Every structure is written in structure tokens, then in C-alpha cells.
Amino acid sequence: MSSTVSIASTAVAANQAQVQMALAAKLAKMNAESAQSVVQLIESANANMTEIVKSALEPGIGTSVDISA
């Protein structure tokens, strides 16, 4: 009887470990996708800010400084 209980509890523990590993893998994938989305959002905001700054300045202003005499 004891060996049957031992086998059953080992099977249950193995099944729980498998479920935990699958859940951990899913969460890691979701975290990576979330981080990728944040990076894309920051890059987009940076590109938008660059365009806003360029459009706010008159042509030739803020691009270079001539320091020759």
C-alpha cells in the first residue's frame, strides 16, 4: 500500500512540476513581449519627438553653427 501511495504522490508532484514549468514559460514569454512593446513605444515616441522638433524650427535653425571667421 505504501508503494502505491508513494508512486501516486510522485506522479502528482511530477504533474505539478510540469504545470509550473509551463506557466513559468508562458509568463516569461509574456514578459519578453511586453518589454518588446515598451521598446517599440519608446522608439516611436523618440521618432515623433524628433519630427516635432524639426517641424517647430524654421529651416536652417538648430542644425549647425558656423564659427569660421
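Data table
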quantity	calculated
Computed [θ] at 222 nm, helices only, for the chain once each DSSP H run of length n ≥ 4 contributes -39500 (n - 2.57)	-30000 deg cm²/dmol
Helix 2-56 axis, angle to the chain major axis (alpha carbon atoms, nearest 10°)	10 degrees
Net lengthening on full extension, V38/S68 (0.36 nm per residue, minus Cα-Cα)	6.4 nm
Per-bin percent of Cα-Cα distances, the chain [5 Å]	3, 13, 8, 9, 8, 7, 8, 6, 6, 5, 5, 5, 4, 3, 3, 3, 2, 1, 0, 0
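Values in this text are rule-based calculations from the coordinates and carry no lab data. Remember, predicted model here, so these are calculated numbers, not experimental data.
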